[in-house]
Amino acid sequence: MDVMCLVYGIEIPSSDWEKTPASIKELVEKMGQRIKQSEQELASEVAKNQELLEKINRTSKNSSSPPSSDPLNSEKLLSKKKSDKKRGGQLGHKGHSRNLYDVSECDSVLEHQPETCSGCGEKLIGVDSNPRRHQVVEIPPINPIIVEHRLHQLECQHCGTLTRATLPADVPIRGYGVRVVALVAVLSGLYRHSTRMVQSAMQDIFGVTMCLGTVNKLKKEASDAIAGAVSEAKTYVQNSPVVGVDETSCLLRKC
């Protein structure tokens, strides 16, 4: 009976293994080592993934972590019983409509009067003291205001020195006015647009072209302009007896 030998977990007859050429044995050895190494790496990755899953599912309710570490979606939505009501507005529900602007805020008011009766076709006369009001809101075409400053240079007739005019103190050196700076700050700060999105919005909506570097410089300019107010607000909060914040997490849709 032929003796069996174990080669990387596989039993084969010893006679077959002895007959195997040396080059094939070397190849099998290398492949076996690579398989063993791959199995070890796979086991390590599985352990890492398991650890990450545990971290993701860890909340203040199943661990000693503070509530502030809970993800926003940690609370599951309460199951809601399906209603028997039909979709849409319900009987007795107070309707909501768009509020009309005051007449004083309208740029123009157009009067439309019927000329003939819709029933018999007779000519209509008279005045309606309470006409139905319909308003259309539109945004005017947006075109940037571009002001060119020309700094002339003149030669002194006495000494020959060339002197060029300087920009007035209220003219921005970067070439963008305060409204442009404020708009860049609002788009990137309040609305959390990326630098590239701010660049696209300024070009597509307002017709103002600027490179990505300029967007970042204008953001810093706005930040420096309000640094004093931010510092005052920070000091006020730090010195307040009650701040009104805690570590309780909440879903944004509920707050």
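Looking at the range 13-42 only, could you name the residues that are under 24 Å from V3 (Cβ atoms) and hydrophobic (A, V, I, L, M, F, W, C)?
Selection gives W17, A22, I24, L27, V28, M31.
Could you check, for the range 86-105, whether at least one of its residues is at pLDDT 90 or above and touching a strand residue (DSSP E or B) at 6+ places or on another chain (Cβ under 8 Å)?
No, there is no match, as no residue in the range 86-105 is at pLDDT 90 or above and touching a strand residue (DSSP E or B) at 6+ places or on another chain (Cβ under 8 Å).
Have a look at G92, G175 and point out the one that is more than 30 Å from E221 (Cα to Cα) and either part of a loop (DSSP other than H, G, I, E, B) or within 45 Å of the chain's Cα centre (by Cα) (or both).
Result: G92 is the single residue among G92, G175 that is more than 30 Å from E221 (Cα to Cα) and either part of a loop (DSSP other than H, G, I, E, B) or within 45 Å of the chain's Cα centre (by Cα) (or both).
Of all residues in the range 114-127, which are part of a loop (DSSP other than H, G, I, E, B) and surrounded by 10 or more Cβ atoms within 10 Å (Cβ to Cβ)?
Residues satisfying the conditions are C117, L124.
Check whether at least one residue in the range 139-162 is surrounded by fewer than 10 Cβ atoms within 10 Å (Cβ to Cβ) and either in contact with a Cys (Cβ under 9 Å, 6 or more places away or on another chain) or in the same structural domain as V208 (by TED's automatic domain parsing) (or both), and report yes or no.
yes
The values are calculated or read from the model by the stated rules, or taken from the named source; none is laboratory data. Computed from a predicted structure; not experimentally measured. Here Cβ is always computed from backbone atoms with ideal geometry, including for glycine, and neighbour counts include all displayed protein chains.
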